[in-house]
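Working notes, beginning with the structure itself.
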Amino acid sequence: MAGTAHRNTGVEGVEGGVGLTALMVAAARAIETHRHDSLARDVYAEHFVLAAPASAGWPVRMHQVPDGDANPLWGRFARYFGLRTRVLDDFLLQSVHSGGARQVVLLGAGLDSRAFRLDWPCGCVIFEVDREGVLAFKHKVLGGLSATPKAARVPIPIDLRADWVAALTDAGFDAAAPSVWLAEGLLFYLPGAAETYLIDTVDRLSTGGSALAFEVKLDKDLLEFSDSPLYTSTKHQIGIDLLNLFDGEPRPDSAGDLAGKGWSTSVHTPFDFTRRHGRGPLPEQRDALAGNRWVFANKPRP
Ligand SMILES: C[S@@+](CC[C@H](N)C(=O)[O-])C[C@H]1O[C@@H](n2cnc3c(N)ncnc32)[C@H](O)[C@@H]1O
């Protein structure tokens with residue numbers, strides 16, 4: 001599989017490159033947590049932001065944002081991350097509680113604290129796959145808080161552009177048992193070949209009764225809406241140039257590929273869930289979120 005240095009930088013931790021996006025999502029979750037009408041609560045999120053020099057001065061409460069909800073980054077985009085967190089919390093919990101899987105694999109886990117926040121059934125194992133520097137930072141912050149996971153938690157420091165299967169199976173993942181997979185805010189940073197490998201691999205390691213959720217961006221969104229306020233304000237306010245971090249190659253049709261392998265799939269816009277929950281982002285002109293799709297896939301039992 002592909003190269004070693006990450007697109008744009010060689011940075012492996014949260015201090016720059018794609019790792020810094022994990023801190024951006026953590027700041028968004030911190031803000032969401034303290035909204036009166038929060039969609040998801042993550043009490044750990046603000047600790048990551050406050051601990052990292054790279055996010056010094058970033059807000060963790062809405063009142064620290066001078067223009068509040070009118071701010072494209074800390075208003076609308078942060079709300080997007082809050083909604084995404086809630087929807088994927090619900091997907092994971094529903095999959096383990098009613099689907100019966102006891103293995104959960106968070107691909108590109110970043111500063112996701114679900115192992116610590118959600119009520120997992122007995123016997124659940126949460127595998128967290130991300131690059132070493134990101135997981136080391138997470139470990140340090142959570143260790144400082146004496147945080148206790150609510151399920152067995154297994155960090156797997158590896159680059160998803162490498163062959164990550166051996167690392168996962170060596171860590172105890174059992175391909176013969178059902179599993180639940182999540183790739184949240186990840187695939188558009190990977191080369192198309194790494195995404196295809198990831199989807200093929202999830203299929204190969206998933207027995208009937210397994211489930212997968214992932215987020216993609218349609219090509220047109222990546223190309224057409226580069227002047228969207230979400231992208232420009234993220235670049236100007238916190239120095240993250242998302243368009244530069246996204247992989248520029250045409251994207252594979254991963255939902256279609258899974259359907260071709262016999263999975264049942266459903267594809268949603270985030271706005272579908274805004275309407276369902278009565279809060280969250282709604283469509284805008286020249287919208288960086290217009291091409292985001294959340295895909296839910298289930299592998300039927302034989
Ligand atoms: C936007 S963050 C999302 C993190 C988390 N899923 C969430 O939603 O909070 C993207 C994450 O993907 C990880 N990532 C990107 N490319 C990766 C790669 N090639 N291998 C492993 N992790 C990667 C980054 O380190 C970062 O933690």
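Restricting attention to region 23-72, the residues being closer than 23 Å to Leu142 by Cβ, part of a helix (DSSP H, G or I) and in contact with a helix residue (DSSP H, G or I) (Cβ under 8 Å, 6 or more places away or on another chain) number 19.
Considering the conditions (1) within 12 Å of the ligand (Cβ to nearest atom); (2) surrounded by fewer than 20 Cβ atoms within 10 Å (Cβ to Cβ); (3) in contact (Cβ under 8 Å) with a residue 60 or more places away in the chain, Phe137 is excluded by exactly one of them, (2). Scanning region 254-283 for residues that are in contact with a helix residue (DSSP H, G or I) (Cβ under 8 Å, 6 or more places away or on another chain) and assigned to a loop (DSSP other than H, G, I, E, B) yields Lys261, Trp263, Arg279, Gly280, Pro281, Leu282, Pro283. Looking at this structure, is Val165 more than 17 Å from Arg114 (Cβ to Cβ) and surrounded by fewer than 21 Cβ atoms within 10 Å (Cβ to Cβ)? Here the answer is yes, as Val165 does meet what is asked. Evaluating Leu93 against the criteria (1) among the hydrophobic types (A, V, I, L, M, F, W, C); (2) outside any helix (DSSP H, G or I); (3) surrounded by fewer than 21 Cβ atoms within 10 Å (Cβ to Cβ); (4) in contact with a Leu (Cβ under 7 Å, 6 or more places away or on another chain) leaves one unmet condition, (2).
Among residues of region 204-219 that are among the β-branched types (Val, Ile, Thr), those with a beta-carbon under 8 Å from a residue that is assigned to a helix (DSSP H, G or I) and surrounded by fewer than 22 Cβ atoms within 10 Å (Cβ to Cβ) at least six positions away or on a different chain give the pairs Val216/Phe188; Val216/Ala255. Scanning region 83-97 for residues that are within 16 Å of the ligand (Cβ to nearest atom), in contact (Cβ under 8 Å) with a residue 40 or more places away in the chain and not polar (S, T, N, Q) yields Leu83, Arg84, Arg86, Val87, Leu88, Asp89, Phe91, Leu92.
Got at least one residue in region 233-252 being more than 24 Å from Ser38 (Cα to Cα), of a type in the set (Asp, Glu) and in contact with a Gly (Cβ under 6 Å, 6 or more places away or on another chain)? Within region 233-252 (the criterion being more than 24 Å from Ser38 (Cα to Cα), of a type in the set (Asp, Glu) and in contact with a Gly (Cβ under 6 Å, 6 or more places away or on another chain)), the answer is yes, since at least one residue qualifies. Of the residues making up region 165-197, those that are in a helix (DSSP H, G or I), within 16 Å of the ligand (Cβ to nearest atom) and of a type in the set (Val, Ile, Thr) are Val165, Thr196. Of all residues in region 198-220, those satisfying the criterion of being assigned to a loop (DSSP other than H, G, I, E, B) and polar (S, T, N, Q) are Ser206, Thr207, Ser210.
Residue count for region 98-118, restricted to those that are away from the ligand (no atom under 16 Å from the Cβ) and either surrounded by 21 or more Cβ atoms within 10 Å (Cβ to Cβ) or at pLDDT 95 or above (or both): 3.
Exactly one residue among Arg286, Arg251 is at pLDDT below 95, in contact with a Ser or Thr (Cβ under 8 Å, 6 or more places away or on another chain) and in a loop (DSSP other than H, G, I, E, B), and that residue is Arg286. Please find, among Leu212, Leu222, Leu187, the residue that is more than 23 Å from Gly100 (Cα to Cα), modelled with pLDDT of 95 or more and surrounded by 15 or more Cβ atoms within 10 Å (Cβ to Cβ). Criteria check complete, one pass: Leu187.
Sub-8 Å Cβ pairs linking a first residue in region 250-279 that is surrounded by 15 or more Cβ atoms within 10 Å (Cβ to Cβ) to a second residue that is assigned to a helix (DSSP H, G or I) and among the small types (Gly, Ala, Ser), at least 6 apart or interchain, are Arg251/Gly192; Pro252/Gly192; Thr265/Ala255; Thr265/Ala259, ordered by first then second residue. Scanning region 119-134 for residues that are more than 9 Å from the ligand (Cβ to nearest atom), part of a loop (DSSP other than H, G, I, E, B) and crowded, with 17+ Cβ neighbours inside 10 Å yields a count of 2.
The values are calculated or read from the model by the stated rules, or taken from the named source; none is laboratory data. All values reported here derive from a predicted model rather than from experimental measurement. For neighbour counting, all protein chains shown are included, and Cβ atoms are generated from backbone atoms with ideal geometry for every residue, glycine included.
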